[in-house]
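The values are calculated or read from the model by the stated rules, or taken from the named source; none is laboratory data. As the structure is a prediction and not an experimental result, all values here were calculated from the model. Here the Cβ is made from the backbone with ideal geometry for all residues, glycine too, and neighbour counts use every protein chain on show. Surface areas here come from the heavy atoms of the whole protein model, side chains and all, with no ligands, DNA or RNA. Shrake-Rupley method; radii C 1.70, N 1.55, O 1.52, S 1.80 Å.
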Amino acid sequence: VQLQAFGGGLVQAGGSLSLHCAASGSFSGSTVGWFRQAPGKEREFVAAMWRNTGRKYYADSVKERFTITRDNAKNTVYLQMNSLKAEDTAVYYCAACPTCIFSTLKNFQQYHYWGQGTQVTVSS
């Protein structure tokens with residue numbers, strides 16, 4: 001499965017952006033997630049949808065502001081980002097994991113397939 005992320009850009013604080021990630025093949029049986037990496041920092045978990053139930057999980061820093069959704073028919077996962085803050089500035093990556101176990105879905109090292117990343121810059 002190859003992933004490609006789109007939708008990054010420059011936005012003012014308080015604004016919104018929508019990212020989407022298209023897969024070359026089916027990932028309906030995979031956990032899908034978004035991670036981000038700011039300069040000089042480690043890659044961190046943003047949001048994920050567990051493959052079995054579709055339940056959504058978010059980092060505390062983005063709860064109530066970001067929403068992850070997926071469309072299996074289109075092999076696409078989305079990240080709607082609202083009320084953006086300067087600290088949300090990072091390269092955002094989508095990822096898929098067909099074999100992640102529940103306890104590790106926030107661990108980027110468990111994900112097998114990655115998109116190329118898309119830059120999100122929030123100006124304050």
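Condition check ((1) more than 12 Å from the chain's Cα centre (by Cα); (2) surrounded by 14 or more Cβ atoms within 10 Å (Cβ to Cβ); (3) at positive phi; (4) not polar (S, T, N, Q)) across all residues:
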| position | (1), (2), (3), (4) |
| --- | --- |
| Asn52 | yes, no, no, no |
| Ala59 | no, yes, no, yes |
| Ile68 | no, yes, no, yes |
| Thr89 | yes, yes, no, no |
* Look through Gly29, Gly40, Gly8 and report the one residue that is more than 10 Å from the chain's Cα centre (by Cα) and without any contact (Cβ under 8 Å) to a residue 60 or more places away in the chain. => Gly40
* To do: Hand me the list of strands (runs of 3 or more DSSP E) wholly inside the stretch 22-115 holding 1 or more residues that are among the basic types (Lys, Arg) and touching a strand residue (DSSP E or B) at 6+ places or on another chain (Cβ under 6 Å).
  => 31-37, 56-58, 66-71
* Ser18 vs. criteria open to solvent by 30 Å² or more (accessible area, probe 1.4 Å), within 26 Å of Pro98 (Cβ to Cβ) and at pLDDT 95 or above -> yes
* In the set Lys74, Lys85, which member is at pLDDT 95 or above, open to solvent by 70 Å² or more (accessible area, probe 1.4 Å), out of contact with any His (no Cβ under 6 Å at 6 or more places or on another chain) and of a type outside the set (A, V, I, L, M)? -> Lys85
* Check on Gln109, under 12 Å from Ala5 (Cα atoms) and exposed (fewer than 15 other Cβ atoms within 10 Å of the Cβ) -> no
* Asked: Out of the stretch 1-21, which residues are part of a strand (DSSP E or B) and either closer than 14 Å to Thr89 by Cα or of a type outside the set (A, V, I, L, M, F, W, C) (or both)?
  -> Gln4, Gly9, Leu10, Val11, Gln12, Leu17, Ser18, Leu19, His20
